[in-house]
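Each remark here refers to the structure printed beneath this line.
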Amino acid sequence: MAVERIQKKDRMKIPRCGMPEQEPLERIRNFNEVPFGLAEAVAVLEASRCLECTKAPCVAGCPVEVDIPGFLTLVVEGDFAGAARKIKETNSLPAICGRVCPQEEQCEAVCILSKKFTPVAIGYLERFVADYERENKLTRLPEMAPSTGLKVAVVGSGPAGLTVAGDLVKLGHKVTIFEALHKPGGVLVYGIPEFRLPKKIVQSECDFLAEMGVDFKNSTVIGKSDTIDELFDMGYDAVFIGTGAGLPNFMGIPGENLIGIYSSNEYLTRSNLMRAFDFPTYDTPIIKGRNVAVLGGGNTAMDSVRTALRLGAENAYIVYRRSEAEMPARAEEIHHAQQEGVQFHMLTNPVRFIGDDSGKVTAMECITMKLGEPDDSGRRRPIPIEGSNFTLDVDLVVVAIGNSSNPLIPQTTPGLETNRWGNIVVNEESMKTSREGVYAGGDIVTGGATVILAAGAGKVAARAMHEFLMTKKEAIAPDD
Amino acid sequence: MPKVIDNIQIGPQNWKMRVYVPKLVAKASPGQFVIVRVNEEGERVPMSIAGLDRENGLLTIIYQVVGKTSALMTTVEADGEILDCVGPLGLATHVDNWGTAILVGGGIGIAPIYPIAQAWKEAGNRVITIIGARSKNILFYEDEHKAAADDLHVCTDDGSYGHHGFVSDVLKKILDSDEKVGMIMAIGPVPMMRVVANLTRPYDVPTWVSLNPLMVDGTGMCGGCRVAVGDTTKFACVDGPDFDGHQVDFDLLTKRLNAYKEQEQDAFHRFLESPSCKLSEAVKNTG
């Protein structure tokens, strides 16, 4: 259905839509999703703002090269499910990416409209069409290639693994996902809170993969129950390692093992995966602090501090050693945290934790920092200001300063090359590791990054794995 | 879902469950652990391996009813199922031939030292096993240990059976004798492991302990199980659970094990008082 589009000069006059969301004072008392999503009319109007520029820099700005103008046109035409399918041609996880991608640094950052006006709300629209398709049960199985008879093992069911599985199953390979935890989704389930990514959405993405024929084996720790070599012995023809974040980093300062000091992984896993926020209906307990300090400035820190508010914190602090400009979190997450009353202690670094006789943390001694010359990361290096120490009363601390790699697979896979941080070394063009038939992507390769970068790595890996598999098939049965 | 073959009470607070998990059993070694989940709302609970029947693919778990989750475990019937049994996790206990090696098991720790005794014996050690409990009715696995060890000493705190006193008394006697001991491993309540480690320090005999801190995932991801060993912090799930007892900070371990005491007691009492609670009186009385 062709719709007559409004004149381009008039499109520029349409203001960017806002996203309706729960009021801050209301939402800090529940775990429901903060944004409500766009209404149909709003979505159509917003999509019509696209100037359909020939260069489409947004596509290049997307790590998985979604045909953004293509899906926006379908939205304008009112074919929302068609728009969702258009996205799914290159991105298997639109309902998730529409919610958690840093669009302001990717597609929307390069939107031609952003030069003089505000960019098209691509993220909101991606979310809108994916939700529309799912909620109206318009999801269709994509066209599937005939079976190749080849088997692929995907280790880890986070964004990288799900993407690899989705792409390879469509190409006719038999895919099995091995997940260490009891639910699939990886960081999408244990890490990102319900108020930012409802778990039923992750579940429906996994259900969709299962419908396409992907086999999920939960509660299976590769590296322990089976090694990578044993997967090959079991008849898998290729393996993808997407095991994600590894061991949580701690500050390495005195008092860090006091009760009430969590890694963000533990705090979020207790609340999200184990649903400790609903204790005692769920059995896993969590410490609910009144004065909570979250150390770090990334998305995980924002997720943790906003979880603390919802669990009843009176004071929730972000303690970050650089300034707001250097914070790696998405602008929207910082904004949401500020709206909700999170207090930001910038240029502040803890030096020790203080506890009581029962071993519980009661306070944190901090030092004020100033910014010096840029360091290796290009950000200005924080330097402590001598004598500026002060004490902050806290009964819960969440350390959200990143992860180092998990050793379970590298330790048990001879010949798998890792770098000095223990991350798996790959060829970036193919995500191929030093082991024949073994590919890797996501945080286990890059260290802590984003959902979409992991999905992007999965895309690259899937393409290379398909090529590898078809060459292998050719060699085994050239006449087939 | 893993099938439960049987689940029987073996003492006032202790139960023994056998689970059919052939793949896990084929891979597991003594000293490793598994994580069990009983119901959808339930916790992930780490459990020591208390026996490996490789021929029949059976894993033995021995557990003590101390809270809601362990109480719920008692309600799983023979031929029933549990939601998950993940593993084997952690590193296996070191096996070598040290000549004479001593295993000390206290309370529920009597269970995991049994498969270790078998492995050490098979490696050619003269295995001396010391097991102890508060009272005779709490003891279990006496026959198993008798079969696995060269020498078995049984102690009760109240003198109702075997040696009247602590496992450490028996251990001290052996260390003071002519027996040349090359390795000691102690598993049991934290105070017992601490006493054993303090006792053996002046004798300069390597003494390992198996730690049971609180855990969530059991694969290194959460860091909840951190323990202080010497000057470093270790994750018991991937670096352990066995550590050099002479270097473990038992004070810290004790405190961290009590981190959720109030919530745990609250949950247990709510559970016991709930109308849907179908626990036997025997279990209710332990609460």
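Could you please find all residues in the stretch A:209-229 being within 24 Å of A:THR412 (Cβ to Cβ), more than 10 Å from chain B (Cβ to nearest Cβ) and either under 21 Å from the mean Cα position of the chain (by Cα) or outside any strand (DSSP E or B) (or both)?
Result: A:PHE216, A:ILE228, A:ASP229.
For residues that are touching a Lys or Arg at 6+ places or on another chain (Cβ under 9 Å) and open to solvent by 40 Å² or more (accessible area, probe 1.4 Å), scanning just the stretch A:201-219, find the one that is nearest to A:ILE177 (Cα to Cα).
Among those that are touching a Lys or Arg at 6+ places or on another chain (Cβ under 9 Å) and open to solvent by 40 Å² or more (accessible area, probe 1.4 Å), it is A:ASP215.
Every residue in the stretch A:220-243 that is closer than 24 Å to A:TYR267 by Cα and open to solvent by 20 Å² or more (accessible area, probe 1.4 Å), please.
Within the stretch A:220-243, A:THR220, A:THR243 meet the criteria.
For A:LEU347, only one of the following conditions fails: (1) open to solvent by 40 Å² or more (accessible area, probe 1.4 Å); (2) out of contact with any Ser or Thr (no Cβ under 7 Å at 6 or more places or on another chain). What is its number?
Just one mismatch for A:LEU347, condition (2).
Can you confirm whether B:ILE82 is of a type in the set (A, V, I, L, M) and within 14 Å of chain A (Cβ to nearest Cβ)?
Judged against the criteria, B:ILE82 is a match.
Of all residues being open to solvent by 50 Å² or more (accessible area, probe 1.4 Å) and in a loop (DSSP other than H, G, I, E, B) in the stretch A:436-448, which is modelled with the lowest pLDDT? Just the residue, please.
In this case the residue turns out to be A:GLY448.
So if I check each of A:GLY289, A:GLY260, A:GLY246, which one is at the interface with chain B (Cβ under 9 Å from one of its Cβ atoms), of a type outside the set (S, T, N, Q) and out of contact with any Lys or Arg (no Cβ under 9 Å at 6 or more places or on another chain)?
Going through A:GLY289, A:GLY260, A:GLY246 in turn, the sole match is A:GLY246.
Open to solvent by 20 Å² or more (accessible area, probe 1.4 Å), within 19 Å of the chain's Cα centre (by Cα) and over 25 Å from A:LYS288 (Cα atoms): which single residue out of B:ASP204, B:ASP239 fits that description?
Among B:ASP204, B:ASP239, only B:ASP239 is open to solvent by 20 Å² or more (accessible area, probe 1.4 Å), within 19 Å of the chain's Cα centre (by Cα) and over 25 Å from A:LYS288 (Cα atoms).
Take B:VAL209 and tell me if it is open to solvent by less than 10 Å² (accessible area, probe 1.4 Å) and within 22 Å of the chain's Cα centre (by Cα).
It is true that B:VAL209 is open to solvent by less than 10 Å² (accessible area, probe 1.4 Å) and within 22 Å of the chain's Cα centre (by Cα).
Within the set of pairs 6 or more residues apart or between chains, which connect a residue that is over 20 Å from B:LEU89 (Cα atoms) and assigned by TED's automatic domain parsing to the domain that holds B:MET47 inside the stretch B:219-232 to a residue that is open to solvent by 10 Å² or more (accessible area, probe 1.4 Å) and part of a strand (DSSP E or B) with Cβ atoms less than 8 Å apart?
none
State all residues of the stretch A:428-472 that are farther than 16 Å from A:ALA160 by Cβ and either in the same structural domain as A:ASN299 (by TED's automatic domain parsing) or of a type in the set (Val, Ile, Thr) (or both); if no residue qualifies, say none.
Scanning the stretch A:428-472 gives a single hit, A:THR471.
Please give the number of the condition B:MET17 fails out of (1) open to solvent by less than 20 Å² (accessible area, probe 1.4 Å); (2) within 24 Å of A:PRO285 (Cβ to Cβ); (3) within 14 Å of chain A (Cβ to nearest Cβ).
Every listed condition holds for B:MET17 apart from (3).
Out of all the residues in the stretch A:1-19, which are free of Cβ contacts under 8 Å to residues at least 24 places away in the same chain, outside any helix (DSSP H, G or I) and open to solvent by 60 Å² or more (accessible area, probe 1.4 Å)?
A:GLU4, A:GLN7, A:LYS13
Could you tell me which of the residues A:THR418, A:THR412 is within 12 Å of another protein chain (Cβ to nearest Cβ), over 22 Å from A:ALA301 (Cα atoms) and either open to solvent by 20 Å² or more (accessible area, probe 1.4 Å) or free of Cβ contacts under 8 Å to residues at least 40 places away in the same chain (or both)?
Step by step, each of A:THR418, A:THR412 is checked, and only A:THR412 is within 12 Å of another protein chain (Cβ to nearest Cβ), over 22 Å from A:ALA301 (Cα atoms) and either open to solvent by 20 Å² or more (accessible area, probe 1.4 Å) or free of Cβ contacts under 8 Å to residues at least 40 places away in the same chain (or both).
Return the total of residues in the stretch B:163-213 being in contact with a Cys (Cβ under 7 Å, 6 or more places away or on another chain) and under 17 Å from B:GLY240 (Cα atoms).
Qualifying residue count for the region: 1.
Please state which one of B:LEU89, B:LEU24, B:LEU58 is over 30 Å from A:ALA276 (Cβ atoms) and either surrounded by 22 or more Cβ atoms within 10 Å (Cβ to Cβ) or more than 9 Å from chain A (Cβ to nearest Cβ) (or both).
B:LEU58
Mind checking which residues of the stretch A:421-435 are in a strand (DSSP E or B) and touching a residue at least 12 places away in the same chain (Cβ under 8 Å)?
If the condition is that a residue be in a strand (DSSP E or B) and touching a residue at least 12 places away in the same chain (Cβ under 8 Å), then A:ILE424, A:LYS432 are the ones that fit.
Please pick out the residue among B:VAL104, B:VAL170, B:VAL154 that is in a strand (DSSP E or B) and either in contact (Cβ under 8 Å) with a residue 40 or more places away in the chain or surrounded by 23 or more Cβ atoms within 10 Å (Cβ to Cβ) (or both).
It is B:VAL104.
In this structure, is A:MET274 open to solvent by 20 Å² or more (accessible area, probe 1.4 Å) and of a type in the set (A, V, I, L, M)?
Taking the combined requirement at face value, the residue does not satisfy it.
Just checking, how many residues over the stretch B:184-219 are within 30 Å of A:ARG275 (Cα to Cα), away from chain A (no Cβ under 14 Å) and not in a strand (DSSP E or B)?
Counting residues in the stretch B:184-219 that are within 30 Å of A:ARG275 (Cα to Cα), away from chain A (no Cβ under 14 Å) and not in a strand (DSSP E or B) gives 2.
Look at B:ASN198 and say whether it is at negative phi, at pLDDT below 95 and out of contact with any Gly (no Cβ under 6 Å at 6 or more places or on another chain).
When the stated conditions are applied, B:ASN198 does not pass them.
Quick check on my filter: what residues within the stretch A:171-229 are farther than 30 Å from A:PRO24 by Cβ, of a type in the set (A, V, I, L, M) and out of contact with any strand residue (DSSP E or B) (no Cβ under 7 Å at 6 or more places or on another chain)?
A:LEU171, A:ALA180, A:LEU181, A:LEU209, A:MET212
The values are calculated or read from the model by the stated rules, or taken from the named source; none is laboratory data. Since the model is a prediction, treat every value here as computed from it, not as a measurement. Note that we place each Cβ from the backbone using ideal geometry, even for glycine, and neighbour counts take in every protein chain shown. Only protein heavy atoms, including side chains, enter the accessible area calculation; ligands, DNA and RNA are left aside. Shrake-Rupley method; radii C 1.70, N 1.55, O 1.52, S 1.80 Å.
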